1. For segment 87-100, check the following and say yes or no: at least one residue is touching a Gly at 6+ places or on another chain (Cβ under 6 Å) and either at positive phi or charged (D, E, K, R) (or both).
2. Kindly establish whether LYS56 is touching a residue at least 40 places away in the same chain (Cβ under 8 Å), more than 23 Å from GLU2 (Cβ to Cβ), among the charged types (D, E, K, R) and open to solvent by 60 Å² or more (accessible area, probe 1.4 Å).
3. Kindly check whether there is at least one residue in segment 29-40 that is in a loop (DSSP other than H, G, I, E, B), at pLDDT below 95 and touching a strand residue (DSSP E or B) at 6+ places or on another chain (Cβ under 9 Å).
4. From ASN79, ASN72, which residue is modelled with pLDDT under 95 and polar (S, T, N, Q)?
5. Return the total of residues in segment 54-112 being not in a helix (DSSP H, G or I) and not β-branched (Val, Ile, Thr).
6. Just to be sure, is LYS5 surrounded by 12 or more Cβ atoms within 10 Å (Cβ to Cβ) and touching a helix residue (DSSP H, G or I) at 6+ places or on another chain (Cβ under 9 Å)?
7. Give the number of residues within segment 8-27 that are crowded, with 16+ Cβ neighbours inside 10 Å and either assigned to a loop (DSSP other than H, G, I, E, B) or polar (S, T, N, Q) (or both).
8. Within segment 65-82, identify whether any single residue is closer than 20 Å to VAL114 by Cα and in contact with a Gly (Cβ under 9 Å, 6 or more places away or on another chain), and answer yes or no.
Amino acid sequence: MEIFKQFSFDSAHFFSNFDENHKCRETHGHTYRLTVFIEGELDPHLGWVTDFGDVKKVIDPVIKSIDHKLLNNIEGLENPTCERIAIWIWDKIKPGLPGLCRIELHETLTSGVVYKGK
């Protein structure tokens with residue numbers, strides 16, 4: 001069975017290595033939506049794969065560290081594309097979430113990335 005929990009955060013970034021006429025070169029922000037998927041067996045006694053509260057305890061400190069921040073200033077997030085942000089988040093949360101199988105990070109309502117780890 002696969003369960004999921006969603007989170008959101010607001011952050012800004014810029015891409016100084018983009019062409020000077022590219023709209024994303026300048027500092028701009030997004031409301032990101034993160035969905036975390038955990039795969040596992042249904043516990044016959046408790047009736048769930050894992051406690052959503054335990055998932056939140058792992059994710060919240062990571063979200064807090066990037067919410068309302070300039071991502072370019074976060075260690076390990078140089079050139080913070082949506083893809084690189086997803087990898088950074090994965091690396092932070094994977095140790096605390098047994099069964100983590102993928103994450104989805106939406107930069108806009110219609111654009112994002114799915115990351116399944118290395």
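The values are calculated or read from the model by the stated rules, or taken from the named source; none is laboratory data. In this text, all values refer to a predicted model and were calculated from it rather than measured experimentally. Heads up, the Cβs are rebuilt from the backbone with ideal geometry, glycines too, and the neighbour counts pull from every protein chain shown. With ligands, DNA and RNA removed, areas are computed over all heavy atoms of the protein, side chains included. Shrake-Rupley method; radii C 1.70, N 1.55, O 1.52, S 1.80 Å.
1. Yes: segment 87-100 contains one or more residues that are touching a Gly at 6+ places or on another chain (Cβ under 6 Å) and either at positive phi or charged (D, E, K, R) (or both).
2. Working: touching a residue at least 40 places away in the same chain (Cβ under 8 Å): yes; more than 23 Å from GLU2 (Cβ to Cβ): no; among the charged types (D, E, K, R): yes; open to solvent by 60 Å² or more (accessible area, probe 1.4 Å): yes.
Against the criterion (touching a residue at least 40 places away in the same chain (Cβ under 8 Å), more than 23 Å from GLU2 (Cβ to Cβ), among the charged types (D, E, K, R) and open to solvent by 60 Å² or more (accessible area, probe 1.4 Å)), LYS56 does not qualify.
3. Residues of segment 29-40 that are in a loop (DSSP other than H, G, I, E, B), as a first pass: 40.
Of the ones still in play, those that are also at pLDDT below 95 are none.
The answer is no; no qualifying residue exists.
4. Numbers: ASN72 fails: modelled with pLDDT under 95.
Going through ASN79, ASN72 in turn, just one is modelled with pLDDT under 95 and polar (S, T, N, Q): ASN79.
5. Taking segment 54-112 as the starting set, the residues that turn out to be not in a helix (DSSP H, G or I) are 67-70, 74-81, 97-112.
Narrowing the set further to residues that are not β-branched (Val, Ile, Thr) leaves 67-70, 75-80, 97-102, 104-107, 109, 111-112.
Of the residues in segment 54-112, 23 are not in a helix (DSSP H, G or I) and not β-branched (Val, Ile, Thr).
6. On the way: surrounded by 12 or more Cβ atoms within 10 Å (Cβ to Cβ): yes; touching a helix residue (DSSP H, G or I) at 6+ places or on another chain (Cβ under 9 Å): yes.
Spelling it out, LYS5 is indeed surrounded by 12 or more Cβ atoms within 10 Å (Cβ to Cβ) and touching a helix residue (DSSP H, G or I) at 6+ places or on another chain (Cβ under 9 Å).
7. Looking only at that region, the number is 3.
8. So far as segment 65-82 goes, yes, one or more of its residues are closer than 20 Å to VAL114 by Cα and in contact with a Gly (Cβ under 9 Å, 6 or more places away or on another chain).
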